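Right, one structure below, let's go through it.
Derivation of every value follows stated rules applied to the coordinates shown; laboratory data play no part. Quantities reported herein were computed from a predicted structural model and do not represent experimental measurements.
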Amino acid sequence: MNPERFRIGLCQIAVRLGDRKGNQEQVRRWMERHYVPSELPTALVLPELWDVGYALDSAESLADGDGEEAAAFLGDLARLYGTWFIGGSVMARGKGGLFNRSQVIDDSGSLVAQYDKVHLVPFITPEDRVFSRGEEACLFNFAGMRAGSIICYDVRFPEWGRVYALRGCELLFVTSQWVRSRMDMIHSMVKSRAMENALYVAFVNNVGVTGGLDFGGHSLVCSPDGEVLAEASGNEDGLFVEIDRRRVEEAREFLQIFRKRLPRLYGDLVREELP
């Protein structure tokens, strides 16, 4: 029988630009300071590009070959603590170029899924000039719960969140580097993705000044009805949130948002060009 209750850990660290070893040490210290053992299946979530940040000018030299160093590092911690990691994302070199890549590490330390960011930012930190775009969604079995991972700018595209929901996603992880001055915006989108798809959303953000930008922290977990179950501060922080998958089932049965869909009316959603 699959468990009904799970736990999410929000690992809100201040990512250091271009400093892979320093950021790994920050994750180790976070575990020593914040980790609390539990019998519940637990997933710890890191910020976007937690390994080197948006060091785009040095991407060619910094990129981790297939993300292997990051996966090995998180795998060691996963085995040590008996927990999953949603490895935020890392700067990875793969077939076809460089990628902003999320990694999913299970509690045995194995890399079980990965996701190359699909929607690349064209402004502020113009990653679309550096990274290649992914082409696939990322869904995986988190100890019996259907989960998925997306990255930051992806959350602006409700169609993408709906694709995950239609494929059975019950818990959507959103890792991010979002600036402090626009936290209300990202919180609104995170809550909307949760409500419109009747699923949990766990959002984890970078915090502090990195590369001249002030990132806002305030990571949070939303329930399937958009309730904020817990929210981190605007500084380095860490907290745990318990969730119950039955709330997903109850919300979807009550709202009937998938049963009442009318796909024949939604053709404009997949048009390549505006009318």
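Points to keep in mind about this one:
- Radius of gyration over Kirkwood radius for the range 41-159, both on Cα atoms: the Rg/Rh ratio is 0.96.
- Of all DSSP bridge pairs formed entirely within the chain, close to 65 percent run antiparallel.
- Shown here is the pair-distance distribution of the range 98-186: with all Cα-Cα distances grouped in 5 Å bins from zero up to the longest one, the shares run 3, 13, 23, 24, 18, 12, 6, 1 percent.
- More than 14 Å apart - percent of Cα-Cα pairs taken over the range 29-71: 64 percent
- Among L46, L74, L265, residue whose mean-square fluctuation peaks in a GNM of the chain (springs only between Cα atoms under 10 Å): L265
- Rounded to the nearest 5, the antiparallel percentage of DSSP beta bridges internal to the range 1-126 is 55%.
- Among R180, R146, R246, residue whose mean-square fluctuation peaks in a GNM of the chain (springs only between Cα atoms under 10 Å): R246
- Largest first, the extents of the alpha carbon coordinates of the range 1-83 on the three principal axes equal 47, 26, 19 Å.
- Fluctuation leader among E32, E170, E68 - the chain, Gaussian network, Cα springs under 10 angstrom: E32
- Convex hull of alpha carbon positions in the chain: directionally averaged projected area 14.4 nm².
- With contacts taken as Cα pairs under 8 Å and at least 6 residues apart, the chain reaches a relative contact order of 19 percent.
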